[in-house]
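The values are calculated or read from the model by the stated rules, or taken from the named source; none is laboratory data. Source: prediction; values computed, not measured. Here the Cβ is made from the backbone with ideal geometry for all residues, glycine too, and neighbour counts use every protein chain on show.
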Amino acid sequence: MQRFVYYLALIMRGINMNPGAEPDDMVAVRVVLESRRIFSSHRRKLLSVGDLRQALLGGTGPKSVGDFVASLTRFLATRIEAAVENIEELIENLDEQIGSGEIAEVRTQLSIARRQAAAIRRHLAPQREALDRLARSTTSILTDRELIAIRDEGDHVSRNIEDLDLARENALVAQEELSNRVAQEQNTRMYLLSVVAAIFLPLTFATGLLGMNVAGLPGTTSSNGFVVATVVMIGLGIGLVVFFRWRKWL
């Protein structure tokens, strides 16, 4: 009688929590399943695998192949959820900094948060699809109870993806608010410079006119000419300021 051996290959990714690593630099875990054996490999250290190993050593780990997949997915999703919460908290803090006027380095931090959220989501979307297909499969390696557990963990991954989408939208809103605030500050400065230029334009015209080296200028032969010209220009300046305040331009 010929014996058939069924294999099930699964590739998932987890958050890279190694020192000096970026959260969006996710580590791939490759798992090949048989009915009674499990083969797994990963090139870099992954804390989620370490959590699973500690559970096995403590006697609380999975008892079957399906439980192993569900437990590994749960540990991966838990670490991913922690990274997503960190991104959400970072975006909230940056939003508060924008509201308080501290916008010096907010733009760079927002770009980093959006990049991390997009990178993590890009890896999680295929993982959700893989778990969904696995939960709907009819393989003999996994029991119905194990398939239900895998489906629940797939829902956990879906919630993480939804949280990432919300974090990206919040980052986009914060970035738009930052751009609007920067543009408003620039417009305020330009408006103030325009008002100052409008006030000094008549004074500049008067000083240029009186400074012409031609005969017949008023006050050139009077000892009080400078005082009179100064008083006239000061009065003109005060009058322009009062006019702008009256029109609520200043």
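Of the residues making up the stretch 153-204, those that are in contact (Cβ under 8 Å) with a residue 40 or more places away in the chain and among the acidic types (Asp, Glu) are Glu153, Asp163, Asp165, Glu177.
Of the residues making up the stretch 1-42, those that are among the basic types (Lys, Arg) and at pLDDT 70 or above are Arg13, Arg30, Arg36, Arg37.
Picking from Thr207, Thr230, which residue would you name as being in contact (Cβ under 8 Å) with a residue 12 or more places away in the chain and over 30 Å from Glu96 (Cβ atoms)? If you could, list the steps in order and put the result at the bottom.
Numbers: Thr230 fails: in contact (Cβ under 8 Å) with a residue 12 or more places away in the chain.
Only one candidate passes the filter, namely Thr207.
Asp165 meets the conditions (1) surrounded by 14 or more Cβ atoms within 10 Å (Cβ to Cβ); (2) under 30 Å from Arg133 (Cα atoms); (3) modelled with pLDDT of 85 or more in every case but one. The failed one is (1). In the condition set (1) touching a helix residue (DSSP H, G or I) at 6+ places or on another chain (Cβ under 6 Å); (2) loosely packed, with under 15 Cβ neighbours inside 10 Å; (3) of a type in the set (D, E, K, R), Asp51 is compliant with all but (2).
Condition check ((1) crowded, with 17+ Cβ neighbours inside 10 Å; (2) at pLDDT 85 or above) across all residues:
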residue	(1), (2)
Ile98	yes, no
Leu142	yes, no
Leu147	yes, no
Asp152	no, yes
Gln184	no, no
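For the stretch 104-140, a residue qualifies if it is farther than 25 Å from Ser71 by Cα and either of a type in the set (Lys, Arg) or surrounded by fewer than 17 Cβ atoms within 10 Å (Cβ to Cβ) (or both), and the qualifying residues are Ala104, Glu105, Arg107, Thr108, Gln109, Ser111, Ile112, Arg114, Arg115, Ala118. In the condition set (1) in contact with a helix residue (DSSP H, G or I) (Cβ under 7 Å, 6 or more places away or on another chain); (2) more than 24 Å from Leu142 (Cβ to Cβ); (3) crowded, with 18+ Cβ neighbours inside 10 Å, Arg13 is compliant with all but (2). Taking the listed residues Gly235, Gly239, Gly225, Gly219, the one that is of a type outside the set (Phe, Trp, Tyr), modelled with pLDDT of 85 or more and surrounded by 11 or more Cβ atoms within 10 Å (Cβ to Cβ) is Gly239, with no other qualifying. Out of curiosity, is Gln175 closer than 30 Å to Glu92 by Cα, surrounded by 13 or more Cβ atoms within 10 Å (Cβ to Cβ), at pLDDT 80 or above and not hydrophobic (A, V, I, L, M, F, W, C)? Considered against the rule, which asks whether it is closer than 30 Å to Glu92 by Cα, surrounded by 13 or more Cβ atoms within 10 Å (Cβ to Cβ), at pLDDT 80 or above and not hydrophobic (A, V, I, L, M, F, W, C), Gln175 comes out as yes.
Counting residues that are within 21 Å of Arg168 (Cβ to Cβ) and touching a strand residue (DSSP E or B) at 6+ places or on another chain (Cβ under 8 Å), which strands (runs of 3 or more DSSP E) fully inside the stretch 8-101 reach at least 2?
Values: elements: 8-14, 27-33, 38-41.
Passing ranges, in order: 8-14.
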